[in-house]
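Readers should treat all values here as calculations from the given coordinates under stated rules, not as data from a laboratory. Just so you know, these numbers come straight off a predicted model, no measurement behind them. Here the Cβ positions follow ideal geometry from the backbone for every residue, glycine too, while neighbour counts run over all protein chains shown.
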Amino acid sequence: MYVKHLFFCNFVIANLLKIIRVIMFKKGTKIYSIFNNKCPRCQEGDFFKSKFTYKPSKVTELHENCPSCNLKYMIEPSFFYGAMYVGYAITVAICVLVFIVSSLIFGLNMLESFTAIFIVIVLFMPINLRLSRILWINMFIEYQVQKEDRIY
């Protein structure tokens, strides 16, 4: 009986997640552009030159223009300096979350919690750099339906 109930709950949760994924991650939404690292205007061209990597020289390499719609990513000189503020907010959120989890759930003392925070921040640094840049440009550029995407 318990196994059937557990299987049913997993089935319901999996279907709800599929529905959420279809609604929130469809083309034309900011979330689609952010999580797929696509151009915010056409959502076709890649934003970064390389896929995810821990190699420091390639983490934040961008295309000059979108390969698909030719949007210039560096809208103005030093455009991505503002992404530092977004990155700072992400870092603070990660630090608070890791501290709460490490101290309340795992019962670590202060020094162990700060060690855990340091390790997590170092591991998440490339993700933070890329995420802050893609979030920053998505704040300023809106999705535009391309001619071939229109339904007549």
Just subtract the alpha-carbon distance of N37 and Y54 from 0.36 nm times their residue separation and send over the number in nm, one decimal.
4.5 nm
Tell me, what HN-Hα J-couplings in whole Hz come from the Karplus equation 6.51 cos²θ - 1.76 cosθ + 1.60 at θ = phi - 60° for each residue of segment 102-118, using x for Gly and Pro?
5, 7, 7, 7, 8, x, 6, 7, 4, 5, 5, 5, 5, 5, 4, 4, 4
Taking only Cα atoms of segment 2-149, what ratio of Rg to Rh do you get with Rh as the Kirkwood inverse-distance radius?
1.08
Sequence order, segment 127-139: Karplus ³J(HN,Hα) from phi using 6.51 cos²θ - 1.76 cosθ + 1.60, θ = phi - 60°, Hz rounded, Gly and Pro as x, gives 5, 5, 4, 5, 5, 5, 5, 5, 5, 4, 6, 5, 6
³J(HN,Hα) across segment 62-75 via Karplus (A = 6.51, B = -1.76, C = 1.60, θ = phi - 60°), whole Hz, x for Gly/Pro?
10, 6, 5, 10, 5, x, 9, 10, 6, 5, 7, 6, 8, 4
Cα→Cβ-extended label distance, 7 Å offset, between M139 and F114, nm:
3.0 nm
Based on other C-beta atoms within 10 Å, arrange S68, S33, S102, S50 from fewest to most.
S50, S68, S102, S33
Give me the distance in nm between label points sitting 7 Å out from Cα along the Cα-to-Cβ direction at M74 and V122, one decimal.
3.2 nm
Under the rule of at least 5 residues apart or a separate chain, name every residue whose amide H is placed under 5 Å from the amide H of K38.
F47
Square roots of five times the C-alpha gyration tensor eigenvalues of segment 27-86, ordered largest first and given in whole Å, equal 18, 15, 13
Over 31 Å between C-alpha atoms is what I'm after, so list which of K55/K147; K30/K58; K58/K147; K26/K58; K27/K51 land there.
K55/K147; K58/K147
Sequence-distant or interchain residues sharing an amide H contact under 5 Å with L62, placed H: which?
K49
